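Notes follow the structure.
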Amino acid sequence: MDTKKHIQMPIFEQKDLDRFWAKIRLTANPNLCWEWQNAKVGGYGFLKINHINIRSHRIAYYLSTGVDPLDLVVMHTCDNVGCCNPNHLKIGTQLDNIADMKKKKRAVCLRGDKNWTRKFPDKVKKGGKHPNSILSESDVVEIWKLKKNGIRGRAISKMFNTSEANISIILKGKAWKHIKL
């Protein structure tokens, strides 16, 4: 069970709100994910406010509902942890989150002595076939070619309209592992 304690939401100044909304790729369609376009840890976006990192989807939930989730989990009904669309967020307990994950067969959790391990089913769409992907397999191949030619990650991220962090995890081999170069 998740024993991590969440902090109380701070009072957001206008500059914090401007920074937050500038880092989300909004869509006109309310059914699509609003992807976090900045720093991520474990796929979750975060924003530093008053020297504290707060997960972006928790901020989105708070700003849209006015409810501080405190020690509850903000769950993604879309199963995209980088999503900040308030229509895709709901609160619950960690046990609710695990039950939702099992119900959707999104992953099977096996309780080890110390750590949770997640085994994802083969039916998960990868790469350009994932509905929230902004890159294609050919884009990833091109990213690798640009990097081999000495182009920096920041410049590459601007060329492909994605975050520098996204380019970094591609080049480190943590994303798009199914592409053989």
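Only the coordinates and a few stated rules stand behind these numbers; no lab work does. In this text, all values refer to a predicted model and were calculated from it rather than measured experimentally. Neighbour counts run over all protein chains shown; Cβ positions are idealised from the backbone, glycine included.
Pairs exceeding 32 Å between alpha-carbon atoms, taken from Lys105/Lys177; Lys48/Lys177; Lys105/Lys158; Lys102/Lys145; Lys105/Lys147: Lys105/Lys158; Lys102/Lys145; Lys105/Lys147. Annotation: amide H-H contacts under 5 Å for Ile91 (H modelled 1.01 Å from N, sequence separation of 5 or more, or interchain): Met75. A simple spin-label model places the labels of Lys172 and Lys102 3.2 nm from each other, with each point 7 Å out along Cα-to-Cβ. Taking the Cβ of Leu32 as the center, what net charge do the other residues with Cβ under 14 Å away carry, scoring Lys and Arg +1 and Asp and Glu -1? Local net charge: -1. The amide H of Asn85, built 1.01 Å from its N in the peptide plane, has Trp34 as neighbours under 5 Å, considering only residues 5 or more places off or on other chains.
Derived scalar couplings between HN and Hα for the stretch 48-63 equal 8, 10, 6, 6, 10, 7, 10, 5, 4, 5, 5, 5, 4, 4, 4, 5 Hz in order, rounded to whole Hz, by the Karplus curve 6.51 cos²θ - 1.76 cosθ + 1.60 (θ = phi - 60°), x for Gly and Pro.
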